[in-house]
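Just so you know, all these numbers are worked out from the coordinates, no wet-lab data involved. Only a predicted model underlies this, so the values are computations on that prediction, with no experimental measurement involved. With ideal geometry, Cβ positions are generated from the backbone for all residues, glycine too; neighbour counts draw on all protein chains shown.
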Amino acid sequence: MTEATVEVATKPRRARREGRTAFFLLVPAVVVVLGVVGWPLVTTVLNSFRRVESALPKAPKPFVGLHNYAYILSDSDFWNAVRNTLYFTFFNTGLELILGVGLGVLMFQPMRGRWLLRVAVILPWALPTVVNAAMWRYYMNADYGPLNAFLVQTGLRQDYYSFLGSGTSAMNSVILVDVWKNTSLVAFFVLAGLQVIPKELYESAEIDGAGALRRFWSITLPLLRPVLAVVLVLRTIEAFKVFDVIYVMTRGGPASSTTSLALYAYKTAFSDQLFGIGSAISLVIVLFCLSLSLFYIRALGGSMGPEQS
Amino acid sequence: MGRFLKGLALVVIVICCLLPFWWLFVVSLRHRVDIFAGPAAWPTNPTTENYQALFGQYHMGSFLINSLVVVSVSVIISLLIGTPAAYALARFDLPGRLGSVGLMSALFVRMVPAILLVVPFYIALGRFGLLNNRLGLIIIYTGINTSFVIWMMQSFLAEIPKEIEEAALVDGDSRWSAMWRIILPLAGPGLAATAIFAVIATYNDFLIALTMTSTPKSQTVPVGISTLIGKIQVEWGPMAAAGVIGAVPIIIFATIVQRHFVRGMTMGAVK
């Protein structure tokens, strides 16, 4: 690590003792993480090459090679879920990024009531997705939903609309609810990023006669790039794994039009008891997430680690 | 942006964030027939029947207790196990590339979707008789949270200047006492931020709890709320009440630790 540590540790006895201490500090965590996350991960990889149709420990698990993968690749439900997930991820992350930058900039402005804004914005993010989703499912109800009543009373719509009744509309509604919840996270990243941009930059730009919009394009956005890269990766991964909001609002319907990959994997594994195929689907999700993150990190040049400092 | 526009944007956003929750509260106080009749902005003719039903026939009390037990035990154990490991990664010269390998794997865990873990969890917990059991959930959450604690605490601890500690080491303190006496108090805000994130993520988790539990004996708040959404009919009144009650622990918690919130949400992204 740094020179200072090495200096202190020059005496061999000290070094040996340090090694032992480090070992004792690390072992419990390594055991727990490997046991609870590493081991299931390996099991899932193995299961994806086996036919597993029962959760009972003694059940036979014959090796079937790439059969599970071949099965999902030829399954139209899988491709439907891929399309839905990509659509969800793209519009969800895109909207959150655009709105989140705006909201973050607003939260950064010195003004009265800023604390209220910051507190209010945390709530949708902090509360369980299940609560949010159930709540919006009620608001969007076609017969007695308050959102419909609101739209009709304000004259924005003539009649009650079944938000979750048809495929595209249901998908867009689910996306909006998730945007409503997660834009806060993007905004807080942006806020944190804005706080470290030197004020002098803006002052000299103002002296040079740059307008507010120009300052935003030429100073704020470029300097926010590393933060945006990180939050984009985080949100893309989360959106790609979407499960809760869809499960509660639509259960993947109507007619599988909102079934995401995670929901498809869940149904395959737990409703159809096809654990091998379910494992293969969830590995596909991980591969997608990994390649998307690598792509972003390359493209945007942000770094994800504490090492960046 | 003009002052007026800013103020307007602020008001609109605050309303967008808070009004849905106000409505939720209003619905939770309304009679069943009133709910189906149409929305109201104010709880006219309020009733506590939804709350009574929620804690009576819908077992909200056990959902709350299950969540509180599972969240607090798993987060505390994760902090106790993860923080020393983070300290070792931040301070010691580990052989080979062990340090960065450890960190990268801790980060990788964040990428792994819960859906990937639930099948093996389900099979393993079934083997040990821990399905539909709080202990089963605690074990799983502890593992997931520990990797998260390592990741976050490592970057907090790395920020604390080594000189402070070295002064103590030169004075003859052992690593252990330096860690306890000097580092831990300085890492306080970091610990708070880490705990906040872990508590919220664990309390809000749905997929793992949904697959590992099946009765109110061990179902957590989110799973309990989802059981109020039937295949045909949704119990809106009790569900709204459940939403209100389910939000209370997080609101109390968020108010107490509000100072550390922004830090916790954005840790690692900004220095």
Dipole in debye (nearest 20) - the protein assembly as shown, about Cα centre, beta carbon charges: Lys, Arg +1; Asp, Glu -1: 560 debye
In the protein assembly as shown, with Lys and Arg counted as +1 and Asp and Glu as -1 at Cβ, which of these residues, A:Leu41, A:Asn84, A:Ala187, has the Cα nearest the positive end of the dipole, that is, farthest along it? A:Leu41
Would you mind telling me which residue in A:Val248, A:Val36, A:Val131 has the biggest mean-square fluctuation in a Gaussian network model of chain A, where springs connect alpha carbons within a distance under 10 angstrom? A:Val36
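So which of A:Lys267/B:Lys217; A:Lys61/A:Lys267; A:Lys241/B:Lys162; A:Lys199/A:Lys241; A:Lys61/A:Lys241; A:Lys181/A:Lys267 end up more than 29 Å apart, counting from Cα to Cα?
On the way: A:Lys267/B:Lys217 24 Å; A:Lys61/A:Lys267 20 Å; A:Lys241/B:Lys162 39 Å; A:Lys199/A:Lys241 38 Å; A:Lys61/A:Lys241 27 Å; A:Lys181/A:Lys267 25 Å.
Beyond 29 Å between Cα atoms: A:Lys241/B:Lys162; A:Lys199/A:Lys241.
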For chain B, the dipole about the Cα centre with charges only on Cβ (Lys and Arg +1, Asp and Glu -1), to the nearest 20 debye, works out at 380 debye
So how strong a dipole does segment B:142-188 carry about its Cα centre when Lys and Arg Cβ are +1 and Asp and Glu Cβ are -1, to the nearest 20 debye? 200 debye
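Shielding by partners for B:121-130, please: the mean number of other protein chain Cβ atoms within 10 Å of each residue's Cβ. Present the calculation step by step, with values, prior to reporting the outcome.
On the way: counts 5, 5, 11, 7, 1, 3, 4, 1, 0, 0.
Per residue, the number of nearby Cβ atoms from other chains is 4 on average.
Fully extended, how many nm does the chain gain between A:Ala299 and A:Glu200 (0.36 nm per residue separation, minus their Cα-Cα distance)?
Details: separation 99, 0.36 × 99 = 35.64 nm, distance 2.89 nm.
Gain on extension, A:Ala299 to A:Glu200, equals 32.8 nm.
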Just going by the charge dipole of the protein assembly as shown, with Lys and Arg at +1 and Asp and Glu at -1 on Cβ, which of A:Val64, A:Ser166, A:Ala255 is farthest out on the positive end? A:Val64
Just to be sure I understand the model, the point goes 7 Å from the Cα along the line to the Cβ. What's the resulting A:Ser218 to B:Ser177 distance in nm? 5.9 nm
Note, ³J(HN,Hα) from phi for segment A:245-251, Karplus 6.51, -1.76, 1.60, rounded to Hz, x at Gly and Pro: 5, 6, 4, 6, 7, 9, 6
Simple SL model, points at 7 angstrom along Cα→Cβ for A:Asp208 and A:Met111; separation in nm is 2.7 nm
Vicinal HN-Hα couplings computed from phi for segment B:205-218 (Karplus, 6.51 cos²θ - 1.76 cosθ + 1.60; Hz; Gly/Pro x): 4, 10, 4, 5, 5, 4, 7, 8, 10, 9, 9, x, 4, 9
In whole Hz and in residue order, list the ³J(HN,Hα) couplings for segment B:34-44 that follow from phi through the Karplus curve 6.51 cos²θ - 1.76 cosθ + 1.60, θ = phi - 60°; x for Gly and Pro. 5, 4, 6, 6, x, x, 9, 8, 9, x, 7
Taking the dipole about the Cα centre of chain B, with the C-beta of Lys and Arg at +1 and of Asp and Glu at -1, give me whichever of B:Ile183, B:Val170, B:Leu131 is farthest to the positive side. B:Leu131
Förster radius 30 Å - calculated FRET efficiency between B:Gln233 and A:Leu56, Cβ distance, rounded to 0.05: 0.30
